[in-house]
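Undergrad: A single structure is presented below for examination.
The values are calculated or read from the model by the stated rules, or taken from the named source; none is laboratory data. On a predicted model such as this, the values are computed, not experimentally measured, just so you know. Neighbour counts run over all protein chains shown; Cβ positions are idealised from the backbone, glycine included.
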Amino acid sequence: MSVMAPIPRGGQVAVRDRVLEPLRRLRGRARAYLFVRGAVRVWLAFMLGGLGQLALDRWLRMPADQRVLFNVLLTAWWSFVIYRWLVRPIRAPLSDDELAAVVDHANPGMHDGLATAVQFARGEVGDEFSNSPRLIEETLREACARAQGVPFLGVLNHRGARQRLTELLSLFALTGAVWIMTPELMNTWFLRNWLLRDVAWPQQTQIIPVGFDESGAMRWPIGDELEIRADLYGKPPQRVLLDWRTTEGAGQVAMTMIGQSRLRASLGLMDTDVRFRIHGGDEETREFVVYAIERPRITRTSTRITPPAYTRREAVTVEQQTVFEALKGSRIEIDAWLNKSVSQAVFRSSDESIGEAEQVADDRISFVWDAPQSGSYSFLLRDADGWENRRPVRFTVRVEPDEAPRVSLALVGVSDAVTPAGVFDVALGFEDEFGLADARLSVQRNDDPAIGIPIGAIEAEARRYEHRAQIDASRLALKPGDRLRIWAEADDTDPAGPNTGRAEAPELRVLSAGEFAARIAEQELALRREFERALSAQRAIRDGLDRLAEELDPLTRPDEGQTQRASGLARRQEQQTAVIARVTDAYEQLLEEMRANRAARPSEERRLQDSLIDPLQRLSEDGMPAASSALEQVGSEGGAAVGAAADRQASVMRDMRDVLNNMREWEGFREAVAMLEEIIAEQESLRDTTVTAISDELDAILGLDDPEDGNP
């Protein structure tokens, strides 16, 4: 067990002055030397870090965010260097024991006296039985005496310390000289990297690519020619090169000077991301990147067309269709799906904007068109980068107006003339796709005001209406020589209209009974002549059959030429059928006109029907079609079918001759009736003349003449 033995006061003072105080000074000097050595390394770290930062920023033109990141990394490294070479060495404990041991080691003559003195000075002298106070005091006195001649600071490397100090001062001087010699460069470095200001590096030539953001990025449409443009400031270099690289390769192109301050280089059609640098003169730009993007475009469309409410039609939706029709007043809603989000979508024609589309989702726009017009339209799409769609989808819109109602008008029993006593029907038809609002029938004599003819009420919003109206000419006070107009009109339910449809019959001439009879006679004569021509043609068909029959053998089939001749006769027979049908229709029309104009007695109507119309109808519907079929059989069977065909031809000829005789008898009857009517008319005129003459003679005999006439 050790105890603290008391040390005489004189001994304590001697130990403090000659041992402990020199050790304290040694400790301070050692830490100063450590500080200088650490400061050199720290300052070197500062210089190297700053130089690297300057070089990288000047070469890469780092944006602010990259500079901040580099500052953080650099500060962390500097902090480590400061701690490693300054803080930790200075804060490391240097005890008196360690320093005394170092001095003892450097001075063998001390025989470890300093270490013992330091130990005894702390009172570590053992117990009272092993160490006497006198011995301790003697040991301390001896150590102090030896320490008086020992250079404590000699254990330090003063030369190395001076060299480190010189190095430190040199580094300070170098730093200051660099700052003084290149103040613009150093200020730019400090402002850009530590104050994070966006100032340009000083240089003779400066090249700034156009269109890039702060991070050095630009977006370019795929398929467009990539053209890099840059502004040139300062001294123009003799040559400017652009080094580019993609995932598929790399290359270099020379930039072309445009004017005095613009550079240009084309890299071909854009298909993938491109990174590049530009160097020329003392300029070496940082790396720029061009990202390949798609232009905005439409990938799918859906169009909803809502007709006007009055049409009572349901809305129609069409997918992937860009050509459509719409009724005027319809509402068109176009939904378009896009390949990307856009900042603007405008629906427009070739020369004007129709309206802004609403972006209902990132990849979908919608446009509502309340008043569409016919034409060709498209969407102008613009994305966040300002790029527009180059080949827009064309929408072809054809707006159809609501057509006026379709009106049909047919005169029944009259063609182009009517008598003052005529009564005839008018067949009316009205139709509108979306509904009728009103319909009317009007007549007009000469230039008199129009007169409405009642046609009945139309059901609300009916789409079709038919009516048969009757016009009594006797109620219109018509006279021979007048003109009669007849027309029908209809209105639809279009609230913007209405639209009016109209149909008008040919203008009717008002004829006297005699004029009408003469007109009928002319038509009958024309029909008889046409029938006579048909009879002559029928006779030629019969003669052709007779000639063919002479060549045919009943036991053999006809050859090709004979078959063709038989087929030709059959076709001519079919043409004859059409002629007879036309004549039949004409006689039926004549009969209708006679009935409508009260120009035929019932007996005349029956005679015309029985002797002309019915026989002609039997010919066109039965006799002639049968004759045509018989001729076809001759072409296929030959002589075996000739007999039946000849019988058919004989029957047709017989019937046609009978009809012709009836026509002639009918014409004679009509002429006789006309002659009788003329005689009756002349007889009535003669009677009126005779009555007038007798009346005048009686007046003279009875003295009923004017008294003044008898005065002398």
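Undergrad: Just name the residue that is farthest from residue 596 (Cα to Cα) out of those in region 473-525 that are assigned to a strand (DSSP E or B) and of a type in the set (Lys, Arg). Walk me through how you get there before you give the answer.
TA: If we filter region 473-525 for residues that are assigned to a strand (DSSP E or B), which is where we start, we get 483-492, 500-504, 508-510.
Within this subset, residues satisfying the condition of being of a type in the set (Lys, Arg) are 483, 485, 502, 509.
On the way: 483: 17, 485: 17, 502: 25, 509: 14 Å.
Step by step, filter region 473-525, then rank; the result is 502.
Undergrad: Out of the residues in region 347-382 that are aliphatic (A, V, I, L, M) and either assigned to a loop (DSSP other than H, G, I, E, B) or crowded, with 16+ Cβ neighbours inside 10 Å (or both), state the one that is farthest from the chain's Cα centre (by Cα).
TA: Of the residues in region 347-382, the ones aliphatic (A, V, I, L, M) are 354, 357, 360-361, 365, 368, 371, 380-381.
Subset that is either assigned to a loop (DSSP other than H, G, I, E, B) or crowded, with 16+ Cβ neighbours inside 10 Å (or both): 354, 357, 365, 371, 380-381.
Working: 354: 13, 357: 11, 365: 11, 371: 17, 380: 9, 381: 10 Å.
Residue satisfying both the conditions and the ranking: 371.
Undergrad: For residue 611, which of the numbered conditions (1) over 27 Å from residue 411 (Cβ atoms); (2) touching a helix residue (DSSP H, G or I) at 6+ places or on another chain (Cβ under 7 Å) fails to hold?
TA: For residue 611, the exception is condition (1).
Undergrad: Is it true that some residue in region 259-272 is within 22 Å of residue 55 (Cβ to Cβ), buried (at least 17 other Cβ atoms within 10 Å of the Cβ) and over 33 Å from the mean Cα position of the chain (by Cα)?
TA: Residues of region 259-272 that are within 22 Å of residue 55 (Cβ to Cβ), as a first pass: none.
No: region 259-272 contains no residue that is within 22 Å of residue 55 (Cβ to Cβ), buried (at least 17 other Cβ atoms within 10 Å of the Cβ) and over 33 Å from the mean Cα position of the chain (by Cα).
Undergrad: While we're on this one: Looking only at region 485-494, count how many residues are buried (at least 21 other Cβ atoms within 10 Å of the Cβ) and either of a type in the set (Gly, Ala, Ser) or farther than 13 Å from residue 508 by Cβ (or both). Reasoning before the result, please.
TA: Step one: filter region 485-494 for residues buried (at least 21 other Cβ atoms within 10 Å of the Cβ), giving 486, 488, 490, 492-494.
Subset that is either of a type in the set (Gly, Ala, Ser) or farther than 13 Å from residue 508 by Cβ (or both): 488, 490, 492-494.
Final tally of qualifying residues: 5.
Undergrad: Further question on the same structure: What tally of residues in region 307-334 results from selecting those that are more than 13 Å from residue 494 (Cα to Cα) and surrounded by fewer than 19 Cβ atoms within 10 Å (Cβ to Cβ)?
TA: So the count comes out to 15.
Undergrad: Restrict the check to region 283-294 and report whether at least one residue is under 27 Å from the mean Cα position of the chain (by Cα), surrounded by fewer than 17 Cβ atoms within 10 Å (Cβ to Cβ) and within 30 Å of residue 433 (Cα to Cα).
TA: No, because not a single residue in region 283-294 is under 27 Å from the mean Cα position of the chain (by Cα), surrounded by fewer than 17 Cβ atoms within 10 Å (Cβ to Cβ) and within 30 Å of residue 433 (Cα to Cα).
Undergrad: Of everything in region 310-342, what is aromatic (Phe, Trp, Tyr) and either closer than 22 Å to residue 499 by Cβ or touching a residue at least 40 places away in the same chain (Cβ under 8 Å) (or both)? Give them in sequence order.
TA: 310, 324
Undergrad: Out of all the residues in region 244-252, is one or more within 52 Å of the chain's Cα centre (by Cα), assigned to a loop (DSSP other than H, G, I, E, B), closer than 30 Å to residue 42 by Cα and of a type in the set (D, E, K, R)?
TA: Let us first name the residues in region 244-252 that are within 52 Å of the chain's Cα centre (by Cα), namely 244-252.
If we keep only those that are assigned to a loop (DSSP other than H, G, I, E, B) as well, we get 247-248.
Keeping just the survivors that are closer than 30 Å to residue 42 by Cα gives none.
No, the conditions are met nowhere in region 244-252.
Undergrad: A further question follows. So in region 383-435, with the set limited to residues that are aliphatic (A, V, I, L, M) and in a loop (DSSP other than H, G, I, E, B), which one is surrounded by the most Cβ atoms within 10 Å (Cβ to Cβ)? Steps first, please.
TA: We begin by selecting, within region 383-435, every residue aliphatic (A, V, I, L, M); these are 384, 393, 397, 399, 404, 407, 409-412, 414, 417-418, 421, 423, 426-428.
If we keep only those that are in a loop (DSSP other than H, G, I, E, B) too, we end up with 384, 393, 404, 414, 421.
On the way: 384: 13, 393: 16, 404: 18, 414: 25, 421: 15.
The selected residue is 414.
Undergrad: Go through region 240-258 and give me each residue that's surrounded by 15 or more Cβ atoms within 10 Å (Cβ to Cβ), under 14 Å from residue 227 (Cβ atoms) and out of contact with any Phe, Trp or Tyr (no Cβ under 6 Å at 6 or more places or on another chain).
TA: If the condition is that a residue be surrounded by 15 or more Cβ atoms within 10 Å (Cβ to Cβ), under 14 Å from residue 227 (Cβ atoms) and out of contact with any Phe, Trp or Tyr (no Cβ under 6 Å at 6 or more places or on another chain), then 253, 255 are the ones that fit.
Undergrad: Out of curiosity, is residue 517 touching a residue at least 24 places away in the same chain (Cβ under 8 Å) and farther than 15 Å from residue 450 by Cβ?
TA: Numbers: touching a residue at least 24 places away in the same chain (Cβ under 8 Å): yes; farther than 15 Å from residue 450 by Cβ: yes.
For residue 517, the condition - touching a residue at least 24 places away in the same chain (Cβ under 8 Å) and farther than 15 Å from residue 450 by Cβ - is met.
Undergrad: I need the full set of residues from region 190-205 which are in contact with a Lys or Arg (Cβ under 9 Å, 6 or more places away or on another chain), modelled with pLDDT of 85 or more and of a type in the set (A, V, I, L, M), in order please.
TA: 191 - this is the single residue of region 190-205 that is in contact with a Lys or Arg (Cβ under 9 Å, 6 or more places away or on another chain), modelled with pLDDT of 85 or more and of a type in the set (A, V, I, L, M).
Undergrad: When you look at residue 218, is it among the hydrophobic types (A, V, I, L, M, F, W, C), within 25 Å of residue 46 (Cβ to Cβ), outside the structural domain of residue 69 (by TED's automatic domain parsing) and surrounded by 15 or more Cβ atoms within 10 Å (Cβ to Cβ), yes or no? Outline the logic, then answer.
TA: On the way: among the hydrophobic types (A, V, I, L, M, F, W, C): yes; within 25 Å of residue 46 (Cβ to Cβ): no; outside the structural domain of residue 69 (by TED's automatic domain parsing): yes; surrounded by 15 or more Cβ atoms within 10 Å (Cβ to Cβ): yes.
No, not satisfied.
Undergrad: Could you check residue 456 against (1) closer than 23 Å to residue 596 by Cβ; (2) assigned to a strand (DSSP E or B); (3) in contact with a Phe, Trp or Tyr (Cβ under 9 Å, 6 or more places away or on another chain) and say which number it fails?
TA: All conditions are met except number (2).
Undergrad: Looking only at region 172-227, filter to residues that are of a type in the set (D, E, K, R) and part of a helix (DSSP H, G or I); which one of those is nearest to the chain's Cα centre (by Cα)? Don't jump to the end; show me each part of the working.
TA: Initial filter on region 172-227 (of a type in the set (D, E, K, R)): 184, 192, 197-198, 213-214, 219, 224-225, 227.
From what's left, part of a helix (DSSP H, G or I): 184, 192.
On the way: 184: 57, 192: 49 Å.
Step by step, filter region 172-227, then rank; the result is 192.
Undergrad: Can you work out which of the residues in region 156-211 that are among the charged types (D, E, K, R) and without any contact (Cβ under 8 Å) to a residue 12 or more places away in the chain is farthest from residue 22 (Cα to Cα)? Even if it seems obvious, please write down each step before you answer.
TA: Quick first cut of region 156-211, residues among the charged types (D, E, K, R) only: 159, 162, 164, 167, 184, 192, 197-198.
Next cut, without any contact (Cβ under 8 Å) to a residue 12 or more places away in the chain only: 159, 162, 197.
Details: 159: 20, 162: 21, 197: 53 Å.
Out of the qualifying residues, it is 197.
Undergrad: Further question on the same structure: Scanning for something loosely packed, with under 13 Cβ neighbours inside 10 Å and in contact with an Asp or Glu (Cβ under 8 Å, 6 or more places away or on another chain), does region 527-543 turn up at least one residue?
TA: no
Undergrad: Right, next: Name the single residue, out of those in region 470-484 being surrounded by fewer than 17 Cβ atoms within 10 Å (Cβ to Cβ) and not polar (S, T, N, Q), that is nearest to residue 425 (Cα to Cα). I'd like the intermediate steps shown before the answer.
TA: Quick first cut of region 470-484, residues surrounded by fewer than 17 Cβ atoms within 10 Å (Cβ to Cβ) only: 470, 472, 474-475, 477, 479-481, 483.
Now drop any that are not not polar (S, T, N, Q), which leaves 472, 475, 477, 479-481, 483.
Numbers: 472: 9, 475: 14, 477: 18, 479: 20, 480: 20, 481: 22, 483: 18 Å.
For region 470-484, the residue satisfying everything is 472.
Undergrad: Could you check, for region 576-584, whether at least one of its residues is assigned by TED's automatic domain parsing to the domain that holds residue 622, within 30 Å of residue 413 (Cβ to Cβ), assigned to a helix (DSSP H, G or I) and of a type in the set (D, E, K, R)?
TA: In the first step, residues of region 576-584 are kept if they are assigned by TED's automatic domain parsing to the domain that holds residue 622; the result is 576-584.
Those still in the list that are within 30 Å of residue 413 (Cβ to Cβ) too: 576-584.
Narrowing further to those that are assigned to a helix (DSSP H, G or I): 576-584.
Retained after the next criterion (residues that are of a type in the set (D, E, K, R)): 582.
Yes; the residues of region 576-584 include at least one that is assigned by TED's automatic domain parsing to the domain that holds residue 622, within 30 Å of residue 413 (Cβ to Cβ), assigned to a helix (DSSP H, G or I) and of a type in the set (D, E, K, R).
Undergrad: I'd like to know if region 497-508 contains one or more residues that are in contact with a helix residue (DSSP H, G or I) (Cβ under 9 Å, 6 or more places away or on another chain) and either surrounded by fewer than 18 Cβ atoms within 10 Å (Cβ to Cβ) or without any contact (Cβ under 8 Å) to a residue 40 or more places away in the chain (or both).
TA: Looking for residues that are in contact with a helix residue (DSSP H, G or I) (Cβ under 9 Å, 6 or more places away or on another chain) and either surrounded by fewer than 18 Cβ atoms within 10 Å (Cβ to Cβ) or without any contact (Cβ under 8 Å) to a residue 40 or more places away in the chain (or both), one finds none in region 497-508, hence no.
Undergrad: Pull out all pairs, ordered by first then second residue, where Cβ-Cβ is under 9 Å, the residues are six or more apart or on different chains, the first lies in region 237-255 and is free of Cβ contacts under 8 Å to residues at least 12 places away in the same chain, and the second is of a type in the set (Asp, Glu).
TA: Cβ pairs passing all conditions: 250/243; 251/243; 252/243.
Undergrad: Please indicate, with yes or no, whether at least one residue in region 80-95 is modelled with pLDDT under 65, assigned to a helix (DSSP H, G or I) and in contact with a Leu (Cβ under 6 Å, 6 or more places away or on another chain).
TA: At the first step, the residues of region 80-95 found to be modelled with pLDDT under 65 are none.
No, every residue in region 80-95 fails to be modelled with pLDDT under 65, assigned to a helix (DSSP H, G or I) and in contact with a Leu (Cβ under 6 Å, 6 or more places away or on another chain).
Undergrad: Does residue 438 meet the test of being acidic (Asp, Glu), outside the structural domain of residue 312 (by TED's automatic domain parsing) and in a strand (DSSP E or B)? Let's see the steps before the verdict.
TA: Numbers: acidic (Asp, Glu): yes; outside the structural domain of residue 312 (by TED's automatic domain parsing): yes; in a strand (DSSP E or B): yes.
Criteria met by residue 438.
Undergrad: Of 640, 599, 626, 570, which residue is within 30 Å of residue 522 (Cβ to Cβ), touching a residue at least 12 places away in the same chain (Cβ under 8 Å) and either surrounded by 17 or more Cβ atoms within 10 Å (Cβ to Cβ) or assigned by TED's automatic domain parsing to the domain that holds residue 555 (or both)? Reasoning before the result, please.
TA: Details: 640 fails: within 30 Å of residue 522 (Cβ to Cβ); 626 fails: within 30 Å of residue 522 (Cβ to Cβ); 570 fails: within 30 Å of residue 522 (Cβ to Cβ).
Every option except 599 fails the conditions.
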